[in-house]
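Some notes on the structure that comes next.
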Amino acid sequence: MRRIITLALASAIAIPLAGFATSAQAAPRADRIFLHVDTRTIIDVGATGSSLGDLTITHGTLANTLEGDKIGSWTARLVVVVPGATKERRDTLLHFILPGGVLMTRGIYESPSGKLPSEPHRIAIIGGTGDYFGARGQVVLTPLGDGNLRLDMEYVPTSSDNAFGTDRLRRVVSDIITDNVAGTASMTVTAQTLRGFLRVEGERFPFVCAQTSGDPEGIGVPIIDSWICQYSLRGGSILTTSQTSTPAGTRERSGFTQAIIGGTGEWAGSVGQTSIPAADWTTNGTLSVCVAFVGGTYITTRQGPSDRLRTGRWVADLGSGGLGQIVVSSATINFGESPSMGYTVASGPSGDRRITDFVFRISGLPGLQGALYGTALFTTANGQAPNAPYLILVNGGTGPWRGASGILRVVPTSAEGATINVNMLVMALK
């Protein structure tokens, strides 16, 4: 029985605030493209059939019309977080590689078990490069049959000198009432789904969270637990990511903060953070949501390189030929410690196309303690560390980094090291 394992050591990135600029907000825009599924592989990591942790890897092409010529490609990584005999919910991360740049979206939605979506879904935009740098908003993914889908994008872009921002805040304080905790365990691996509802002003709204963790043997302690949560609220939903650090064999009870990385409906384009106080929140607790919306002013900072030295790397194969391989690594950057972790998506026998989640925990800068969350898509030699430059799209943060977006450029210098350049980082003015 195969299980997904996520574990990491801590490493760090120091990003001083230097040389900032402000400008007005860009106008919203909408685009439409068509997707075709070329390959779709399901890796069954648990019991036969739909089960927690099942992994689907999908690749395909993009076109301006249903029968048009190829203009780009797309890659998706889907992980089952709520299994079911007929329907399942999946944590879905998609990269759309377009002529003008890369658009990245993420969300949790329900589809027929083991099959393509059967109805339209709203998914949050969490970042991009090029024409889509700093983009915030949502996409609507509509199935058309025969392996085709339509993608309608609604987002606020940024110009070369402009980064969108915030001008109004919403604050929601709600009770968390859990009604289902599903877990699986296989030797050193655990995976868990938390479901329930939020009680807001007498109304009930559902939520779902997915978590994976692993035994740190061979890498060290502490265990790093990574979460993705989608909270339904009146008018739409918000998507959050978070990470907790606990000594092996214990449960986090000090509470933690989640970065809001997007939303749908009335919450499309949301940035900000949520917080859960010190408690065992897998039973009951209180969730505070502070959300900032597009429409105000941000500061933009550019910074020179920082050296990174890899301190650990661990690999697990879930499927054949490297497809679905998971790589967990950590590195020390400047001073302090920050974990980086991710899934590897192999595109063929000679090369891997990897979708990788990063977490940079910043602890050594007075007044700037917090975390940055980012995602990258890059290609490497099969099973090897990257040997060519790639971009990390920052799509959220906590503390003073909440609402951060931007691009970090990583240039490998050796098998054990790399240089990170902060090309642009966008942060909300308080």
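Structure notes:
- Residue selected from the range 289-305 under the condition crowded, with 19+ Cβ neighbours inside 10 Å and modelled with pLDDT of 70 or more, by the criterion nearest to I176 (Cα to Cα): V289
- In the range 361-370, the residue that is nearest to P305 (Cα to Cα) out of those that are open to solvent by 10 Å² or more (accessible area, probe 1.4 Å) and outside any loop (DSSP other than H, G, I, E, B) is R361.
- Exactly one residue out of Y343, Y373 is modelled with pLDDT under 75 and either open to solvent by 10 Å² or more (accessible area, probe 1.4 Å) or farther than 23 Å from I276 by Cα (or both): that is Y343.
- Top-ranked residue of the range 382-410 - restricted to ones that are open to solvent by 40 Å² or more (accessible area, probe 1.4 Å) and in a strand (DSSP E or B), ranked as farthest from M104 (Cα to Cα): R409
- Residue within the range 84-97 that is free of Cβ contacts under 8 Å to residues at least 60 places away in the same chain, of a type in the set (S, T, N, Q), within 23 Å of L318 (Cα to Cα) and assigned by the TED database to the domain that holds L141 present: yes
- Odd one out for S111, checked against (1) out of contact with any strand residue (DSSP E or B) (no Cβ under 7 Å at 6 or more places or on another chain); (2) of a type in the set (S, T, Y); (3) modelled with pLDDT of 90 or more: (1)
- Among (1) outside any strand (DSSP E or B); (2) at pLDDT below 80; (3) of a type in the set (D, E, K, R) - the single one D131 does not satisfy: (2)
The values are calculated or read from the model by the stated rules, or taken from the named source; none is laboratory data. Since the structure is predicted, the reported quantities are computational estimates derived from the model, not experimental observations. Neighbour counts are summed over all protein chains in view; Cβ atoms, including those assigned to glycine, are modelled from backbone coordinates with ideal geometry. Only protein heavy atoms, including side chains, enter the accessible area calculation; ligands, DNA and RNA are left aside. Shrake-Rupley method; radii C 1.70, N 1.55, O 1.52, S 1.80 Å.
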